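Worksheet: the structure to be examined is printed underneath.
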Amino acid sequence: MFQASKTDAKFLIEAMGGGVAMFDADRDGKLDLFFANGAALHAGMKNGAVADKSDRKFWNRLYRNKGDGTFEDITERAGVRGAGYSQGVAAADCDNDGNTDLFVTGLGGNHLYRNKGGGVFEDVTPIADVAGESWSTSAGFLDYDRDGNLDLFVARYLDWDFGKNKRCGAEGADMQAYCHPNEFAAVTHLLYKGLGGCRFADVSAKSGIAKAPGKGLGVAFQDADGDGWTDIFVANDSFPQQLFRNNGDGTFEETGLAMGVAYDENGGTFAGMGTDFADYNNDGRPDIFVNALANQGYALFQNRGGKLFEYVSGPSGLAAISKLHSGWGTRFLDYDNDGWKDIFVAQSHVMDNIERTQPTLRYSEKPVLLRNAGGKFTDVSPRAGEPFQVPLIGRGAAFGDLDSDGAVDIALSVLDGAARVFRNNAAPNGNHWLSIQTIGTKSNRDGIGAAITVTTPSGRMQTGFVSTAGSYLSSHDKRVHFGLGEERVATVAIRWPSGITQTLRNVATDRVLTVTEEVKQ
């Protein structure tokens, strides 16, 4: 359970919830689950105060996957109960030793936990120099300079602290509202260059990232223009969305407006929260999905050749489906393995008293599953099973195959409610699949930033990108999953971050394929 610790002061951070990481903490081949958690708040807190996490109910939690459908709480032994009011999490192997490390964001400082092996961690934040400041939200590891060391991007939300909180909404205790982000200034995001060994240097200014402040909640990485360099998308709340184009020389240029992803089709801003960056229409170019608050509609930006995106929420069916809903954790995923990437969204309004002011909306909402049929989406939630019939205060969500059956499962953080795990029962439908585990040698060991193309005998082509980032405050299994429908074999082509290309032919489906980067002597 994410403990928001709500107060009469209506601190904005109470409404935002926490993230989830799905990763193999102890290298036993099974995906474990980490949940960020809040901390104790009280109405009289001042600027610079650090929320108290000492009570066990506020600890961050790490659950070991026992492989029989159950999980074991190993938080205390793992050493990751945390400090301060935690929110986001990013997982990757930042020292290339084969163990997945954890970076946790929040208000009151960020923390990097180095995995010493066996799922036991040590807080190396002072050595790593990544504590940051202000209010950090989503984060992710990438190799933006392709030097083999993972770098770290951290989105920050607002110039906000407890003492800067305002009273918003109408008079009356039950009408006070969490303040709109327009009440607070934007802040710059953070970029840390990896130096090796989970040590970093702040290059936010040098790289150009600091030139473009935002109100960041979601982060996703991709190669938007196919030039081999990883670009950064930031979902901003009631502020223009941002696309930082990687210039390939250690610098970035913010191109959201120029590339058509800053605003909706009417030129307006919207409450960007959760996001993903993947090729939903199988044309070989990655597209961008961003959810929003009710009465705004979820945004889908189709990549028109790497230089421009088009807002296609209307033609794709998303506008009509999402108009009265509010989204958070999200992902492009092929839930039925038919070869088309569908969309999951964890839903809930941000205002806990929204039904008093807007009776057509709901604070607690059912999650939604949107099936992709040739680039058009339909809501299949009513027939997707019991988890989609229960209203929740959904926030962060992470994705991966928890039970190794070839179907992507979902772990969901719920604000002031029990966490949920959605087991995907699509595996018996007869559709085939392939999951690709990358191991870099010249590239970073995780292979993060590798571009993957899978082609089947019918001529169908799909693309994927190795990344654990995306959704809202969350981190996914780094293995890239492809649904293949009736196809039983495939050709797999990988462009590694190092520039090395590798092709495997006649690959049998229905398995996890581990590919190690080949460095020719």
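The values are calculated or read from the model by the stated rules, or taken from the named source; none is laboratory data. For clarity, every value in this text was computed on a predicted model and none was experimentally measured. Cβ placement follows ideal geometry from the backbone for every residue including glycine, while neighbour counts extend to all protein chains displayed. Please note that ligands, DNA and RNA were not included when accessible areas were found on the heavy atoms of the full protein model with its side chains. Shrake-Rupley method; radii C 1.70, N 1.55, O 1.52, S 1.80 Å.
Things worth noting here:
- Residues that are aliphatic (A, V, I, L, M) and closer than 25 Å to residue 91 by Cβ were ranked within the range 27-65; the one that is most open to solvent (accessible area, probe 1.4 Å) is 50.
- If the condition is being touching a Pro at 6+ places or on another chain (Cβ under 8 Å) and closer than 15 Å to residue 331 by Cβ, then the range 269-308 contributes 277, 278, 279.
- Any chance residue 363 is closer than 21 Å to residue 270 by Cβ and surrounded by fewer than 24 Cβ atoms within 10 Å (Cβ to Cβ): yes
- Within the range 468-496, the residues that satisfy the criterion of being within 24 Å of residue 93 (Cα to Cα) and open to solvent by 10 Å² or more (accessible area, probe 1.4 Å) are 477, 478, 479, 480, 481, 493, 495.
- Where residue 378 falls short, out of the listed (1) in a loop (DSSP other than H, G, I, E, B); (2) of a type in the set (S, T, N, Q); (3) closer than 19 Å to residue 321 by Cα: (1)
Residue-wise test of (1) free of Cβ contacts under 8 Å to residues at least 40 places away in the same chain; (2) surrounded by 24 or more Cβ atoms within 10 Å (Cβ to Cβ).
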{"residue": "246", "(1), (2)": "no, yes"}
{"residue": "250", "(1), (2)": "no, no"}
{"residue": "284", "(1), (2)": "no, no"}
{"residue": "298", "(1), (2)": "no, yes"}
{"residue": "305", "(1), (2)": "yes, no"}
{"residue": "311", "(1), (2)": "no, no"}
{"residue": "333", "(1), (2)": "no, yes"}
{"residue": "336", "(1), (2)": "no, no"}
{"residue": "349", "(1), (2)": "no, no"}
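- Residue 129 fulfils the conditions (1) farther than 28 Å from residue 450 by Cα; (2) open to solvent by 10 Å² or more (accessible area, probe 1.4 Å); (3) not aliphatic (A, V, I, L, M) except for a single criterion, (1).
- Qualifying strands (runs of 3 or more DSSP E) (wholly inside the range 430-473; at least 1 residues being over 17 Å from residue 332 (Cβ atoms)): 432-439, 451-455
- Residues that are open to solvent by less than 30 Å² (accessible area, probe 1.4 Å), farther than 23 Å from residue 442 by Cβ and among the small types (Gly, Ala, Ser), drawn from the range 91-126: 106, 109, 117, 119
- Test set (1) more than 21 Å from residue 94 (Cα to Cα); (2) surrounded by fewer than 24 Cβ atoms within 10 Å (Cβ to Cβ) - residue 410 fails condition number: (2)
- Hits in the range 177-229 (condition: open to solvent by less than 30 Å² (accessible area, probe 1.4 Å), of a type in the set (Gly, Ala, Ser) and assigned to a loop (DSSP other than H, G, I, E, B)): 208, 212, 224, 228
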